[in-house]
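Student: A single structure is presented below for examination.
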Amino acid sequence: MGQGGADPGQNRSGPRGRVCDIDCDAYPYTAGANPLKNLLPPWVQIGGNETMLARLALPEIRARIRAEIAAHGLNNWGRIPSWEAVQISISPRRPETGGQTVAALARARDSDPIDQICDHLIADDGATRVLITSISEDDIRTIVRSPTALVGSDGNCVATYGIVSQGMPHPRFYGTFARIIGRYVHDETLIPLEQAIYKMTAGPAKALKLRDRGLLKQGWRADVTIFDPDDFRDEATYANPHCYPSGPRTTVIVNGIVVIENAAHTGATPGIVLRRSANGSVG
């Protein structure tokens, strides 16, 4: 999920009287994503990756990890119902494990789950990423309905080809915004389309202090998405994440240049790096 917070853009006094803006965003999925190593107690990573991997090979360290997780749950995630809730997402050196749960991998080896994840991290040089089913659908609906919560994918660059097509990433990378519109606007009518659009455009632009983006306004950057709200649905799943949303007539314009036309990339790359100025604005 995104960071919790108060009304987007509203001021809140800090503990020493300082004023800051607090905003929040979330993605509409019941699973979160994280590096596998981040599920372990924080002290495991002290000293860097090589030190961590050497530490994970020690039986006494594994026993300590096992005891702490039994007592306190997984770091960053609290308690989970079982290791069936933790699924390998991306594993550069063990790609064949993508889509399998820690529980299934441990059963296949007749291994303890803690031994399984420690061995996996060692084999994968610490680079393994996982999906963790840990978010209530009721909580998602509450956040979607909230006028103060924005929508964000919390994702990075992915595509159905090339190096960024590897593994089984979180489907939010492809489907977050289409899922809001198709499921929560169209099917469940939790919020009107106009509010959903604000949560994805003007709201985030305001929170990030983008100077001339987020609205269709004269003199502002021409960043525009044209789509059919009756045919704009997420098609990416946990089992098949590398899928673009539906909508054969979707068009995307970036800085006034057509980048996506009829759901196909034109080859244009008019995007630019945005940098924050001394006054805090970005553009």
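The values are calculated or read from the model by the stated rules, or taken from the named source; none is laboratory data. Source: prediction; values computed, not measured. When we count neighbours, we look across all protein chains shown, and the Cβ atoms used for this are built from the backbone with ideal geometry, even at glycine. These accessible areas exclude ligands, DNA and RNA; they are computed on the full protein's heavy atoms, side chains included. Shrake-Rupley method; radii C 1.70, N 1.55, O 1.52, S 1.80 Å.
Student: At 1.4 Å probe radius, can you tell me the per residue accessible area of the range 36-181 in Å²?
Tutor: Numbers: 6840 Å² over 146 residues.
For the range 36-181, the per-residue accessible area is 47 Å².
Student: How large is Rg over Rh for the range 128-283, taking Rg from the Cα atoms and Rh as the Kirkwood inverse mean of 1/r across Cα pairs?
Tutor: Numbers: Rg = 16.3 Å, Rh = 17.1 Å.
A ratio of 0.96.
Student: For the range 195-283, state which chymotrypsin sites (Phe, Trp or Tyr not before Pro) are in a DSSP loop and have at most 16 other beta carbons lying within 10 Å of their beta carbon.
Tutor: Numbers: sites: 198, 220, 227, 232, 238; in loops: 220, 227, 232, 238.
Passing sites in the range 195-283 are 220.
Student: If you don't mind, there's one more thing I want to ask. Between 48, 155, 167, find the one with the highest GNM mean-square fluctuation for the chain; connect C-alpha pairs within less than 10 Å.
Tutor: Looking only at 48, 155, 167, the biggest GNM fluctuation is shown by 48.
Student: Considering only DSSP beta bridges whose two residues both sit in the range 196-283, what percent are antiparallel, to the nearest 5?
Tutor: On the way: 9 of 10 bridges.
Within the range 196-283, antiparallel bridges account for around 90 percent of the total.
Student: Per the helix-only calculation at 222 nm, which mean residue ellipticity applies to the chain, given -39500 (n - 2.57) for every DSSP H run of n ≥ 4 and division by its residues, nearest 500 deg cm²/dmol? Walk me through the numbers before you get to the answer.
Tutor: Numbers: 8 runs with 72 residues, N = 283.
Calculated from helices alone, the mean residue ellipticity at 222 nm is -7000 deg cm²/dmol.
Student: Which whole-number value in Å² is the accessible area per residue of the range 211-250, probe 1.4 Å?
Tutor: On the way: 2700 Å² over 40 residues.
Ligands and nucleic acids excluded, the result is 67 Å² per residue.
Student: Using the crude model of +1 on Lys and Arg Cβ and -1 on Asp and Glu Cβ, and no other charge, please compute the dipole size for the chain relative to its Cα centre, in debye to 20.
Tutor: On the way: 30 positive and 30 negative charges, 203 e Å.
Its charge dipole is roughly 980 debye.
Student: Where does helix 59-72 land angle-wise versus the long Cα axis of the chain, in degrees 0 to 90, nearest 10?
Tutor: Long axis of 59-72 versus the principal axis of the chain: about 50 degrees.
Student: At 1.4 Å probe size, with the rest of the protein present, what percent of the exposed accessible area of the chain is carbon and sulfur atoms? Walk me through the intermediate numbers first.
Tutor: Values: 8060 of 15070 Å².
Answer for the chain: carbon and sulfur cover 54 percent of the accessible area.
Student: Excluding same-chain pairs closer than 8 in sequence, count the lysine pairs in the chain whose Cα atoms lie under 29 Å apart.
Tutor: Details: 199/209; 199/217; 206/217; 209/217.
Close lysine pairs under the 29 Å cut-off: 4.
Student: Can I ask one more? Would you work out which of 280, 35, 111 lies farthest towards the positive end of the dipole of the chain, given +1 charges on the beta-carbon of Lys and Arg and -1 on that of Asp and Glu, about the Cα centre?
Tutor: About the Cα centre, the residue reaching furthest to the positive side is 280.
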